[in-house]
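J.: First the structure, which I've put down as structure tokens, then a few questions once you've had a look.
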Amino acid sequence: MREINRGTAGGNISDLLQKALRALIGTGHGAGQQHHSYDYLFHGHHSNPTRPGFKPSVPVARAAGLAYMTPMTLRPILIHPDPRLKKVCDAVPDLSDELRTLANDMLETMYDAPGIGLAAPQIGMTRRLIVMDCVKEEGEAPQPMIMFNPEIILKSDDLNVYEEGCLSIPDQYAEVTRPAEVRVRWLDMNGNEQERDFDGLWATCVQHEIDHLNGVLFIDYLKPLKRQMITRKMQKLKRERARA
């Protein structure tokens, strides 16, 4: 997912990831704060991508639960239509170094895009894994989240409408109605079960990303004509990129 209006709190991707690690160590993750309706994606103003081979110190990585972190790699993001985006993803039976590396690569890819969420099928991996960080206020510490096998176990009756978009459907946006609050259960990087309530932008983002794991895109909530129009635009974009 991208955000729409604001850039991040300055610095390159390495700085963002260092701040993210400090946030994991020092503050943990609370339920998200309510954000403006049109902040779900952004055209963004990150600086240049992180230098290759960025890796936090071993003590910092271990303290943040990232002891298995390896140098991170940017992964290509699939563009709709692509059959891999419509598949239901497989559960992660056991965590491995390979999956931890995948999660870290996804975080770097998400920050570089720039976006606030990314699901494994968007980089061609049919695993139930998502990453997100909905913090966008300048000066606020990043709050990266890595979720294996996330599942929504409770939804509120109250609804929110956000203008959504997707890194796999670039430059296309539409209002989507979803529950305003959700409770999510998942496994963290150490294989420990976590459970948390999310609201505002965080709730919208986590629902959007979990949808990806079930082969659902935000445009699937739209009327057929609008969905077909966006799909044709994406087909044209893919042809143009192939010719470039």
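J.: Picking from Trp202, Trp186, which residue would you name as being crowded, with 18+ Cβ neighbours inside 10 Å and assigned to a helix (DSSP H, G or I)?
T.: Values: Trp186 fails: assigned to a helix (DSSP H, G or I).
None of the other options fit; the residue is Trp202.
J.: Only one of Arg178, Arg241, Arg227, Arg232 is on the phi < 0 side of the Ramachandran plot and in a strand (DSSP E or B). Can you tell me which?
T.: Arg178 is the lone residue from the list that is on the phi < 0 side of the Ramachandran plot and in a strand (DSSP E or B).
J.: Additional query: Tell me, please, whether a residue that is modelled with pLDDT of 95 or more, farther than 30 Å from Arg232 by Cα and part of a strand (DSSP E or B) can be found in region 123-146.
T.: yes
J.: A further question follows. Go through region 101-133 and report how many residues are within 20 Å of Val184 (Cα to Cα), touching a residue at least 60 places away in the same chain (Cβ under 8 Å) and of a type outside the set (A, V, I, L, M, F, W, C).
T.: 4
The values are calculated or read from the model by the stated rules, or taken from the named source; none is laboratory data. Everything numeric in this text was worked out from a predicted model, so none of it was measured. Cβ atoms come from the backbone with ideal geometry, glycine included; neighbour counts cover every protein chain shown.
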